[in-house]
Amino acid sequence: MSSLRQIAAILKKDIISELRTKEMLTSMFLFVMLTMVIFNYAFGADRNNLTPFGGGMLWITFLFTAILGLNRSFVHEKDEGCLEGLLLAPVDRPVIYLGKMTGNLIFLSVIEIVTLPIFTVFFISHNYFPQIGWFIIALILSNLGISATGTLLATISINTKTRDMMLPILFLPIIIPLLIGAVVSTGQIMAGTKNFESVYSSLKFLGVYDIIFLLISYGLYDFVLGE
Amino acid sequence: MTFSPDLFGLKETKKITTEIDVVNLNKSFGKRKVLDNVSFQVKKGGFLSIFGPNGAGKTTLIKILSTLVAPTSGKVLVSGISLDDDPTLIRKKIGLISHSPLLYPDLNAYENLKFYGTLYQVPHLEKRINFMLDKVELSHRRYDLVRTFSKGMQQRLAIARVLLHQPAILFLDEPHSGLDPHAVDILDGLINDIRGDHTFVMITHSLEKGIALADVVMILENGKIIFYQEKEHLDSDKFRKIYIQTVKGES
Amino acid sequence: MKQRMGLVFGIIAGILLLAVFYGAFMVTPMIVTPKAPDGVFSQKMFYFHVPIALTSFVASAIGAIAAILFLVKKERKYDFISYSSVQLALLFGFLVEWTGIIWTRMEWGAWWAWEPRLTTYLIFMLVYAGYFVLRSSVSDENARARYCAVYAIIAAINTPLSFFSIRLIPAVHPVVFTTSGASMETSMLVTFLIGMAGMTCLFISLLITRTKTESLKEEVDYLKNIIGG
Ligand SMILES: Nc1ncnc2c1ncn2[C@@H]1O[C@H](COP(=O)(O)OP(=O)(O)OP(=O)(O)O)[C@@H](O)[C@H]1O
Ligand SMILES: [Mg+2]
């Protein structure tokens with residue numbers, strides 16, 4: 001009970017700071033917009049041709065914007081020395097993990113909700129609204145995996161000499177399996193696949209990935225804090 | 001010249017309840033040895049002042065005592081609890097004023113205290129926050145962002161943050177730096193208020209302040225304790241001489 | 001004692017691997033397929049490729065197990081074992097990739113064909129490359145050992161996950177060395193098993209020597225420090 005209150009306190013503090021400065025959300029949003037514009041020119045095709053690649057384009061965008069957010073959320077703590085304040089407090093380390101993880105999950109989801117309609121208008125010719133339920137499940141499962149793994153690895157990164165430079169090197173190879181699951185499930189739905197089999201198996205895979213990495217990160221977080 | 005703590009009859013003080021017990025503590029960062037076989041004790045209600053030149057390892061020592069940095073080897077007991085056994089329990093009992101104020105610049109004074117108070121599960125938090133803000137004379141700025149505070153005001157708020165959960169042991173790393181004379185008086189007042197039933201370890205570069213407040217003084221140089229004496233037996237001339245030698249780097 | 005064990009395993013590995021060469025090229029029959037009536041020479045690679053591949057998984061698993069032991073017991077030696085094992089995982093992973101690429105080149109005439117298992121190994125190598133970047137950018141030994149242990153555990157778990165995830169992709173990719181259907185002759189099986197044993201001995205031998213080297217390095221640093229270096 002008390003740990004729930006502590007998790008909520010960490011989350012609330014991150015949200016209040018972010019709503020005040022809007023640093024993280026602004027840069028994440030602009031990053032997504034810029035990437036989409038670049039995609040258009042990189043592929044130089046109309047959206048009918050791009051639809052089959054929707055999943056890939058979507059997750060390249062979201063993954064890199066997630067890295068931006070993950071780094072920001074810890075650089076902030078570290079720069080003001082506040083991470084030390086958190087570490088000094090008598091809270092179990094998993095509480096810190098869950099607090100930070102939930103924050104990262106929320107910020108990523110907010111950006112996705114805002115930019116997904118734009119992305120769809122830009123690149124997707126098929127109307128996948130009838131399958132939106134499955135799509136949202138795929139989105140949630142993917143975000144959960146990104147935040148679970150990303151929060152753990154961002155904490156390691158921020159304690160290294162190269163700090164935020166380290167995160168992509170550690171995070172991207174580890175997240176590839178989840179990325180494949182995310183691309184296949186959302187991509188198939190956006191392309192209007194008739195064969196839902198691969199969507200289901202991807203969703204199952206995403207669920208397994210999330211559970212494994214949530215448990216591991218929860219268990220190992222103690223070891224990545226402190227010097 | 002090296003002083004081993006036993007020269008000063010520390011063995012006897014073991015009978016009195018010791019709040020902080022450090023035995024053969026070593027700490028290296030990579031190849032650099034920062035603390036070299038440090039042993040000392042602080043009794044309950046005691047006040048230890050640590051002096052020493054820049055880079056002597058004072059901050060590192062306090063960070064180890066406050067569970068932030070793991071020692072390379074050695075035994076550390078805080079309030080009878082070993083660092084490896086139950087750091088969370090130790091964290092409940094300690095407060096640390098460090099070089100940085102550990103405040104969130106985009107939260108206001110009240111939100112900062114509220115945040116830390118919740119983490120420490122402080123009972124009657126609102127009352128306690130008001131009380132502490134009054135004590136450090138920041139009540140009128142409670143809804144201002146910490147970003148807009150001057151350094152001394154941040155330091156005062158940091159003091160409020162540290163005392164919020166009424167820790168039994170206080171670690172103060174140069175707490176007077178950045179404070180104007182009035183704020184120094186506030187801090188000294190707060191320290192004197194709670195002396196006796198609280199244990200203090202303070203790092204300072206100010207001889208007067210450090211000696212005035214202390215029961216025991218210690219000089220750390222290159223990670224070694226080169227001077228350790230109780231204030232009642234303090235040979236202050238000798239102490240001054242050694243201190244001045246160390247900070248000038250002539251020893 | 002330990003050093004001698006390393007040498008013993010090394011010698012055994014040498015003998016066994018020579019035996020595999022002999023078995024692969026002199027004893028085992030050529031696999032004949034309808035497309036290649038003269039026999040598929042590149043199939044000989046199988047006796048090296050697969051044992052190396054399995055050994056690299058073993059190395060990755062031992063890297064993780066030693067990492068867990070380090071986190072639990074906090075003894076430096078487990079960090080050395082984990083680090084050495086991860087080095088070998090990367091080395092063997094590289095050999096897998098290399099033998100695999102040679103095979104694809106001989107069979108399909110292409111250097112790279114996104115074959116699922118070779119792709120898994122590419123990811124495998126990228127994951128472990130991250131390990132070394134991480135290791136070199138933390139100065140405090142305790143913290144370095146802890147972070148690396150955590151990463152070694154995640155990396156090992158990631159391997160089977162990436163293996164499965166690649167199979168989620170609907171497009172069909174060619175697969176190297178399908179043994180299903182083709183029943184292995186006794187001579188082939190024996191050669192394969194000798195290869196397996198040889199690679200395992202090679203791994204053990206290298207692991208012992210690497211671990212020893214790492215702890216010696218540590219000791220040298222420690223002594224330098226005492227002298228006041
Ligand atoms: N995280 C770290 N990594 C590497 N070296 C460190 C780290 N923290 C401290 N050190 C080194 O340890 C030594 C002691 O530092 P410490 O901060 O304890 O000194 P100090 O006595 O508090 O000095 P000051 O009076 O300047 O505050 C210094 O040489 C410093 O470079
Ligand atoms: Mg200091």
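A single member of B:172, B:107 is within 14 Å of another protein chain (Cβ to nearest Cβ) and under 18 Å from the mean Cα position of the chain (by Cα), and it is B:172. In segment C:188-229, the residue that is surrounded by the most Cβ atoms within 10 Å (Cβ to Cβ) out of those that are away from chain B (no Cβ under 14 Å) and of a type in the set (Phe, Trp, Tyr) is C:203. Select from segment B:197-237 the residues that are away from ligand 1 (no atom under 14 Å from the Cβ) and β-branched (Val, Ile, Thr) and list them in ascending order. Of everything in segment B:197-237, those that are away from ligand 1 (no atom under 14 Å from the Cβ) and β-branched (Val, Ile, Thr) turn out to be B:199, B:211, B:216, B:217. The helices (runs of 4 or more DSSP H) located wholly in segment C:73-173 that include 1 or more residues which are touching a residue at least 12 places away in the same chain (Cβ under 8 Å) and under 30 Å from residue A:193 (Cα atoms) occupy C:116-136, C:141-166.
Within segment B:135-147, residues that are of a type in the set (Phe, Trp, Tyr) reach partners that are modelled with pLDDT of 95 or more with beta carbons closer than 8 Å, at six or more positions or on different chains, in the pairs B:143/B:108; B:143/B:109; B:143/B:110.
The test for being open to solvent by 20 Å² or more (accessible area, probe 1.4 Å), at pLDDT 95 or above and touching a Pro at 6+ places or on another chain (Cβ under 8 Å) holds for residue B:120. Selection of segment B:97-112 for residues being away from ligand 2 (no atom under 16 Å from the Cβ) and among the hydrophobic types (A, V, I, L, M, F, W, C) yields B:103, B:107, B:109.
When residue B:133 is tested against the conditions (1) within 13 Å of chain A (Cβ to nearest Cβ); (2) crowded, with 20+ Cβ neighbours inside 10 Å; (3) of a type outside the set (Val, Ile, Thr); (4) more than 16 Å from ligand 1 (Cβ to nearest atom), the lone failure is (1).
Taking into account only those residues within segment A:3-58 that are among the acidic types (Asp, Glu) and open to solvent by 70 Å² or more (accessible area, probe 1.4 Å), which is nearest to the chain's Cα centre (by Cα)? So the residue we want is A:23.
For segment C:114-136, the tally of residues that are open to solvent by 30 Å² or more (accessible area, probe 1.4 Å) and either in contact with a Lys or Arg (Cβ under 7 Å, 6 or more places away or on another chain) or at pLDDT below 85 (or both) stands at 2. Sub-6 Å Cβ pairs linking a first residue in segment B:43-64 that is open to solvent by 30 Å² or more (accessible area, probe 1.4 Å) to a second residue that is assigned to a loop (DSSP other than H, G, I, E, B) and near ligand 2 (Cβ under 10 Å from one of its atoms), at least 6 apart or interchain, number zero. Is it fair to say residue A:219 is closer than 29 Å to residue A:87 by Cα, open to solvent by 10 Å² or more (accessible area, probe 1.4 Å) and small (Gly, Ala, Ser)? Considered against the rule, which asks whether it is closer than 29 Å to residue A:87 by Cα, open to solvent by 10 Å² or more (accessible area, probe 1.4 Å) and small (Gly, Ala, Ser), residue A:219 comes out as yes. One residue is enough: does segment A:164-182 have a residue meeting the conditions at pLDDT 95 or above, away from chain C (no Cβ under 11 Å) and more than 25 Å from residue A:91 (Cβ to Cβ)? No, every residue in segment A:164-182 fails to be at pLDDT 95 or above, away from chain C (no Cβ under 11 Å) and more than 25 Å from residue A:91 (Cβ to Cβ). Of the numbered criteria (1) within 11 Å of chain A (Cβ to nearest Cβ); (2) within 16 Å of ligand 1 (Cβ to nearest atom), the one residue B:95 fails is (2).
Residues in segment C:143-159 that are open to solvent by 10 Å² or more (accessible area, probe 1.4 Å) and facing chain A (nearest Cβ under 8 Å): C:146, C:153, C:157.
Are any residues in segment A:1-11 within 8 Å of another protein chain (Cβ to nearest Cβ) and of a type outside the set (A, V, I, L, M, F, W, C), and if so, which ones? Across segment A:1-11, the qualifying residues are A:2, A:5, A:6.
The values are calculated or read from the model by the stated rules, or taken from the named source; none is laboratory data. These figures come from a predicted structure and were not determined experimentally. Positions of Cβ are backbone-derived with ideal geometry, glycine not excepted, and every protein chain shown enters the neighbour counts. In case anyone asks, the SASA skips ligands and DNA or RNA and just uses the protein heavy atoms, side chains included. Shrake-Rupley method; radii C 1.70, N 1.55, O 1.52, S 1.80 Å.
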